[in-house]
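Notes follow the structure.
The values are calculated or read from the model by the stated rules, or taken from the named source; none is laboratory data. Please read all numbers here as calculations on a predicted model, not as lab measurements. We place every Cβ from the backbone using ideal geometry, glycine too, and count neighbours over all the protein chains shown.
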Amino acid sequence: MTRPPEPGGLARLAKPLQWLLLIGTSVILAALLDWSGLPAALLMGPMLTAIGFGLSGATIRPPKSTVIVSQALIGTMIAGVITGNILLTFLGNWPLFLGIIVAVIAMSTLSGWAISRLNILPGTTAIWGCSAGAAGTMMIMAEAYGADARLVAFMQYLRVLFVAGCAALVAHYWVGVSGREPPPLDLFNAVDPRVLAQTLAMAAATTALGIALKLPAGGVMAPFIIGGILNATGVMTIALPNWLLAMGYALLGWNIGLGFNRAIIAHARRALLPTILSIVVLISLSGLLAALLATVAGIDPLTAYLATSPGGMDSIAIIAASSDVDVPFVMALQTARLILVTLIGPALARMMAGRTQPSDAPGL
């Protein structure tokens, strides 16, 4: 009887040891990235480390509950910078906002249709995988409609990785153009204990509500929307210590990075280059739309670029918060895109998948 092959790489190590190595390496890489001046180093360090671990055979994944906690922290962090001006900004520019959002959705849908028509992937998998935004919602919906969930997850996380990496690099090198340095990072910033307790209570209650109502990206959206209203109207002050946010960023980075492993890469090898090409095209389109937004609305170019970046919203929020940009404006456009994608994305994906020729899954 043939014995199964022995696990290789990091899989040979006990899970507690894998976690210790992951945490230690993430801290070192995040510190190096922060020293180099890269925005969102506390996200990018753990994310890049986790990708290396995933491809090296690591068998660990953050529990779903900790991922929800990280999303709640990020949503609450965004809420803390929301003012009444964000609604006025959106209302004053809503035709332009809507046009930009529709353009991004149309390009992502066209990319999925092209990949399907070239018979690289089946229609449903290609359409769901290329959908710009609401990655978690798209993966759940894709599986419900018969798409290959592993490929959809790979395509969605690959887009998040590329977008987050490009946004962080643009934010970093933009300093040379604008001459403005991002605010220095203070991990142990002082926060009033009563304000912190109220903030955490609000985050817990709104996250539970978002999950109970099954809102798309409820862990981020509910604290962001409800907390933002409370903060903007002066009902309460929202503040979180940076060390706590750093833990949330790390959990988010690990969840994304550990999703990349050798099995998924092997399964997706035929779709890898077309998927990367579609992502590059989508990012390029977003850059052009950012230039249009900066020209027409007079928005700071870096703010416009982060606002039009095609997801994920949580990673873009972290990059925006660590850069010298108008965070409320960025989140206004990102939120509007998420809501519109969630509302029309599933119906659009079903319609486009139905227009492609049905085919068996290619040999991947």
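Out of all the residues in segment 60-97, which are in a loop (DSSP other than H, G, I, E, B), over 30 Å from ARG262 (Cα atoms) and not hydroxyl-bearing (Ser, Thr, Tyr)? Reasoning before the result, please.
Our first condition is that a residue be in a loop (DSSP other than H, G, I, E, B); within segment 60-97, this holds for 60-63, 80-84, 93.
Subset that is over 30 Å from ARG262 (Cα atoms): 80-84, 93.
Those that are in a loop (DSSP other than H, G, I, E, B), over 30 Å from ARG262 (Cα atoms) and not hydroxyl-bearing (Ser, Thr, Tyr): GLY80, VAL81, ILE82, GLY84, ASN93.
Could we say that MET1 is closer than 22 Å to ALA167 by Cα and either at pLDDT below 90 or not in a loop (DSSP other than H, G, I, E, B) (or both) here? It is false that MET1 is closer than 22 Å to ALA167 by Cα and either at pLDDT below 90 or not in a loop (DSSP other than H, G, I, E, B) (or both). All conditions in (1) over 19 Å from ILE318 (Cβ atoms); (2) surrounded by fewer than 24 Cβ atoms within 10 Å (Cβ to Cβ); (3) modelled with pLDDT under 85 hold for HIS172, with the sole exception of (1).
Within segment 26-59, if we keep just the residues that are surrounded by fewer than 22 Cβ atoms within 10 Å (Cβ to Cβ) and in contact with a Phe, Trp or Tyr (Cβ under 8 Å, 6 or more places away or on another chain), the residue that is farthest from ILE265 (Cα to Cα) turns out to be ILE51.
Checked against (1) in a helix (DSSP H, G or I); (2) more than 23 Å from SER309 (Cβ to Cβ); (3) modelled with pLDDT of 90 or more, ALA263 passes all but condition (3). For segment 236-249, filtered to residues that are of a type outside the set (Gly, Ala, Ser) and within 13 Å of GLY80 (Cβ to Cβ), the residue that is nearest to the chain's Cα centre (by Cα) is LEU245.
Taking the condition under 20 Å from the mean Cα position of the chain (by Cα) and without any contact (Cβ under 8 Å) to a residue 12 or more places away in the chain, does SER284 pass?
Details: under 20 Å from the mean Cα position of the chain (by Cα): yes; without any contact (Cβ under 8 Å) to a residue 12 or more places away in the chain: yes.
It is true that SER284 is under 20 Å from the mean Cα position of the chain (by Cα) and without any contact (Cβ under 8 Å) to a residue 12 or more places away in the chain.
If we scan segment 189-209, do we find a residue that is among the aliphatic types (A, V, I, L, M) and buried (at least 19 other Cβ atoms within 10 Å of the Cβ)? Even if it seems obvious, please write down each step before you answer.
From segment 189-209, those among the aliphatic types (A, V, I, L, M) are 190-191, 195-197, 200-205, 208-209; that's our starting set.
Those left that are additionally buried (at least 19 other Cβ atoms within 10 Å of the Cβ): 202-203.
Yes, segment 189-209 has at least one match.
Within the bounds of segment 98-105, is there any residue that is modelled with pLDDT of 85 or more and part of a loop (DSSP other than H, G, I, E, B)? No, because not a single residue in segment 98-105 is modelled with pLDDT of 85 or more and part of a loop (DSSP other than H, G, I, E, B).
Listed conditions (1) surrounded by fewer than 22 Cβ atoms within 10 Å (Cβ to Cβ); (2) under 25 Å from GLY52 (Cα atoms) are all met by ILE318, apart from (1).
Screening THR275, THR233 for residues that are loosely packed, with under 15 Cβ neighbours inside 10 Å and touching a Gly at 6+ places or on another chain (Cβ under 9 Å) leaves exactly one candidate, THR233.
If only residues of segment 104-119 that are under 23 Å from PRO310 (Cα atoms) and hydrophobic (A, V, I, L, M, F, W, C) are counted, the one that is surrounded by the most Cβ atoms within 10 Å (Cβ to Cβ) is ILE115.
Which condition from (1) at pLDDT below 80; (2) in contact with a helix residue (DSSP H, G or I) (Cβ under 6 Å, 6 or more places away or on another chain); (3) in a loop (DSSP other than H, G, I, E, B); (4) not aromatic (Phe, Trp, Tyr) is the one that GLY57 breaks? Only one criterion is unmet by GLY57, namely (1).
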